[in-house]
Amino acid sequence: MKIIVIDDHALMLDLLIRACRETLPGAKIVGAQNANTGLALCRAEQPELVILDLALPDRDGLDLLEELFAASRHSRVIGISGYCDEFTMHRVLNSNLHGFVDKKGQTLDQLSAAIHAVLAGERYFSPAADKARVSLRNDPLAFNKILSEREQQLLALFGRGLSNEEIATAVNLSELTVRNHRCRTMAKLGLRTSAELIRYALEKGFIRLETLGRSGASPS
């Protein structure tokens with residue numbers, strides 16, 4: 001049994017490795033603190049299980065999945081994150097993850113249960129993910145029901161306070177197209193100002209406070 005653990009925080013990485021050793025004595029467990037190293041290890045080791053932090057400094061964990069499965073076709077992957085906002089949970093539930101564990105709301109014993117479940121061929125999702133599933137399903141105005149995938153992608157950029165010109169350059173669209181997407185998104189969400197748009201993106205998890213701080217935008 002081979003396990004790769006990918007988490008950029010040294011303390012969390014050590015705790016996860018120890019938890020895996022207790023759960024599966026005798027398994028070969030290797031850690032990585034970034035996406036590139038983790039991918040290289042997966043390619044070399046072909047692990048049965050990967051524990052993947054979804055908020056890595058060099059890559060978004062969910063965006064990494066396609067490459068990870070290409071590198072190690074038979075790996076089963078459990079995502080872990082301290083973020084359980086609606087947007088993150090929506091992405092988790094619609095991804096190819098075999099399981100998800102909430103760093104803030106679950107214990108190492110529950111991680112162990114998730115490992116056993118996933119290796120037995122089951123899927124395991126934390127109560128936070130199940131709660132988000134119900135909330136998004138029951139809310140007629142949930143973003144996933146009224147915004148297209150493109151609008152959801154752009155909302156993360158709108159929420160950072162970037163101009164239409166900056167976004168157009170980043171995503172290779174015309175400035176007019178971006179402006180039209182912005183107007184449609186705000187109309188669908190019933191928002192009137194850029195500040196309201198930033199606040200919505202922050203509340204739903206399209207952006208994080210640390211990202212907002214770097215962009216220089218303010219939701220107030």
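Side notes on the structure shown:
- Straight-line cross-link reach from residue 28 at under 28 Å between alpha-carbon atoms covers these lysines, not counting any fewer than eight positions away in the same chain: 2, 103, 104.
- Ordering 200, 83 by the number of other Cβ atoms within 10 Å of each residue's own Cβ, fewest first, gives 83, 200.
- Label point at residue 12 placed 7 Å out along Cα→Cβ; residues across the range 123-161 whose backbone nitrogen lies under 19 Å: 125-130
- MRE, 222 nm, helices only [DSSP H, n ≥ 4, -39500 (n - 2.57), over the chain, to nearest 500]: -16500 deg cm²/dmol
- Set of lysines with alpha-carbon distance to residue 188 below 17 Å, sequence-local pairs under 8 removed: 145, 204
- Debye intensity ratio in log₁₀ form over the Cα atoms of the range 143-215, taken at each q of 0.20, 0.24 Å⁻¹: -0.78, -1.13
- Inter-part distance, the range 162-210 to the range 63-95, computed on C-alpha centroids, equals 25 Å.
- The H on the amide N of residue 139, modeled in the peptide plane, is under 5 Å from the matching H of no residue at least 5 residues off or on a different chain.
- Using a Förster distance of 45 Å, the FRET efficiency for residue 112-residue 191 (Cβ separation, nearest 0.05): 0.55
- In the chain, the DSSP beta bridges split such that about 5 percent are antiparallel, to the nearest 5.
- Across the range 181-197, coupling constants 3J(HN,Hα) worked out from phi with the 6.51/-1.76/1.60 Karplus curve, θ = phi - 60°, read 4, 4, 5, 5, 4, 5, 5, 5, 8, x, 10, 10, 10, 4, 4, 5, 5 Hz, and Gly and Pro carry x.
- Working note: Karplus 6.51/-1.76/1.60 with θ = phi - 60° gives the range 37-42 the couplings 5, x, 4, 4, 5, 4 Hz, where Gly and Pro are set to x.
- Global geometry of the range 1-41, whether rounded, prolate or oblate, following the gyration tensor of its Cα atoms and the 1.5 cut on a/c: oblate
Only the coordinates and a few stated rules stand behind these numbers; no lab work does. Since the structure is predicted, the reported quantities are computational estimates derived from the model, not experimental observations. Quick reminder, even Gly has a Cβ in these numbers, built from the backbone with ideal geometry, and neighbours come from all protein chains shown.
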